[in-house]
Structure formats: C-alpha cells, structure tokens
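Quick notes on the structure that follows.
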Amino acid sequence: MKSIIIDSKLENKGHYVPGVISKGMLYISGQLPVHHETGAPLADNITQQTLDALHNVELVLDAAGLKKENITSFKMSPSSLGGGKQTTTAGEHISQLVETLIGRFFF
C-alpha cells in the first residue's frame with residue numbers, strides 16, 4: 001500500500017491521507033471543499049464548494065500520476081442543508097447542481 005499525499009497549506013489534524021494505492025488501484029478519501037493551495041476559507045455557496053471538492057479530487061489524481069480519464073467509479077455525497085433538515089426542493093436543487101458539475105468535471 002502506498003499513501004498519496006498532496007501539498008497543502010492546511011494542517012492535517014488526524015490520521016488522514018487523501019488517497020491510497022492498493023493492488024494497483026487508487027482509492028481517494030472524501031474530499032472537502034477546502035483550498036489546499038492557499039488555505040483560504042470555504043466558499044459560501046454550494047456551486048463553488050462542489051467545484052472546490054472536485055478540484056481536490058484532481059489534486060489527488062495528479063499526486064498519484066493519474067488523470068480524470070482513469071476514474072472507473074465515482075461517488076459524491078453532498079452534505080445536507082440546515083443540519084439535515086433540508087426540504088425536498090433544496091435537496092433536488094443540490095442533486096441537480098452536483099450532477100451538472102460532475103458532468104463538467106468529467107467531460
């Protein structure tokens with residue numbers, strides 16, 4: 001097993017690595033919408049937070065010497081709004097937005 005580490009201005013406060021290669025397969029840990037390059041605070045809207053998290057996936061891929069085209073499986077679970085008390089409309093909006101942004105990420 002090989003740990004994949006990315007350059008970051010943010011402190012790693014736990015036993016966390018962004019990715020691990022095991023038996024020739026890269027497993028990427030959940031990526032938060034943080035700015036590793038600058039240490040800047042989180043964006044205040046779901047669109048930019050989603051783009052930031054996807055960018056962090058690219059950072060891990062790059063550190064492992066891979067590209068988006070190498071991805072065979074991808075799962076994204078956006079956090080709920082309002083501490084888990086989101087309305088159906090808000091949840092549908094987030095799902096549609098994430099689907100659109102993931103489409104841009106891959107194509």
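Checked against (1) of a type in the set (A, V, I, L, M); (2) within 21 Å of residue 66 (Cα to Cα); (3) within 16 Å of the chain's Cα centre (by Cα), residue 46 passes all but condition (2). Taking first residues from the range 56-76 that are hydroxyl-bearing (Ser, Thr, Tyr) and partners that are exposed (fewer than 12 other Cβ atoms within 10 Å of the Cβ), the Cβ contacts under 9 Å between residues at least 6 apart in sequence or on separate chains come to 72/25.
Scanning the range 6-30 for residues being loosely packed, with under 13 Cβ neighbours inside 10 Å and among the aliphatic types (A, V, I, L, M) gives a total of 1. Here the strands (runs of 3 or more DSSP E) wholly within the range 1-74 that include at least 1 residues being at pLDDT 85 or above, small (Gly, Ala, Ser) and touching a helix residue (DSSP H, G or I) at 6+ places or on another chain (Cβ under 9 Å) are 19-22.
The values are calculated or read from the model by the stated rules, or taken from the named source; none is laboratory data. Please read these numbers as outputs of a predicted model, since none were measured by experiment. So basically every Cβ, Gly included, is an ideal-geometry build from the backbone, and we count neighbours across all protein chains shown.
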